[in-house]
Structure formats: C-alpha cells, structure tokens
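Structure, as structure tokens:
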Amino acid sequence: MPTYRFHEVKHQASKNLPCPACGKKLRRQRTFSQTLNPFNKNADDQVKTELEIVRELVVEAADWEKEPELHPRCRAEATS
Ligand SMILES: [Zn+2]
C-alpha cells in the first residue's frame, strides 16, 4: 500500500496592532493550516475540499488578526 502525503492547505496571516499595555505597535505573523485528507470532514460528513479549508482558515485568521496582543514583557509586567 502506498503512503500518501496529505496536502497541507496553508494561509498566512499577519497583524500590526497596538499593544494594550504600552500602546506601541506589535507585529505578529502566523500560519494557519489544515490537511486535506479523507478524515478531515465538514459538518455534513463530506471530505472537505481545498476551497472549504481555505474559507475556514480565512475566518480563523480574521478573528486572530483583530485580537490585540501584549508584548511578552508588557504581559510579565501586567501580571506581576
Ligand atoms: Zn507593550
């Protein structure tokens, strides 16, 4: 039986939002991904298509993009 390498669908996102603690811009980059495989199914129990996966990744990334983050140092100061 051959081994399959499942195709990984990726979406790269970035954000540049002010840190809520110090007000300076914080740049972040993140790659969202899902594999296209026979076990990755949607709510209708159908194998997700590449387009469906891309749409999900875009929604996920959009939520992440509008969520401000603290600099690691600002976070440490906020919790101390
Ligand atoms: Zn900060």
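The values are calculated or read from the model by the stated rules, or taken from the named source; none is laboratory data. Keep in mind the model is a prediction, meaning the values are calculated, not measured. No Cβ is skipped: glycine too gets one built from the backbone with ideal geometry, and neighbour counts run over all protein chains shown. The area values use the complete protein model at the heavy-atom level, side chains included, leaving out ligands, DNA and RNA. Shrake-Rupley method; radii C 1.70, N 1.55, O 1.52, S 1.80 Å.
Estimated at the nearest 10 Å², the accessible area of H11 is 50 Å² with a 1.4 Å probe.
For the chain, the carbon plus sulfur part of the accessible surface works out to 51%, probe radius 1.4 Å. Summing Cβ point charges (Lys, Arg +1; Asp, Glu -1) relative to the Cα centre of the chain gives a dipole of roughly 560 debye.
Dividing the summed -39500 (n - 2.57) terms of all DSSP H runs of n ≥ 4 by the residue count of the chain sets its mean residue ellipticity at 222 nm at -9500 deg cm²/dmol.
Accessible surface area normalised per residue over the chain is 78 Å², counting heavy atoms of protein chains with a 1.4 Å rolling probe.
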